[in-house]
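Shown next, in structure tokens, is the structure this report addresses.
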Amino acid sequence: MTNNSESTQQSPSILLTGATGYVGGLLLKRLESMDMGVRCLVRDPQKLAETKSTRTEIFTGDVLDVSS
């Protein structure tokens, strides 16, 4: 017996840090154009609010701050 969730293919999802920077911003546009699911970890989510696609998820945090 096959589990339906196992047979359904999902597109890969990427975690992108630094999406509000120059290189990260270019990479975000490229990943979105490839129809990739993107999750962005950013310190200031307002910087991406208007530029992200509907499939891109934004999470507030800082890789140098363990509590975030």
Reported set for region 31-44 where residues are within 14 Å of THR20 (Cα to Cα) and loosely packed, with under 12 Cβ neighbours inside 10 Å is ASP44
Scanning region 31-44 for residues that are in a helix (DSSP H, G or I) and under 15 Å from LEU15 (Cβ atoms) gives LEU31, GLU32
Any idea how many residues of region 45-59 are in contact with a Leu (Cβ under 6 Å, 6 or more places away or on another chain) and either open to solvent by less than 70 Å² (accessible area, probe 1.4 Å) or not in a strand (DSSP E or B) (or both)? 1
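The values are calculated or read from the model by the stated rules, or taken from the named source; none is laboratory data. This one's a predicted model, so the numbers in the text were calculated from it and none came from an experiment. Positions of Cβ are generated from backbone atoms using ideal geometry, with glycine treated the same way; all protein chains shown enter the neighbour counts. Heavy atoms of the whole protein, side chains included, go into the accessibility calculation; ligands, DNA and RNA do not. Shrake-Rupley method; radii C 1.70, N 1.55, O 1.52, S 1.80 Å.
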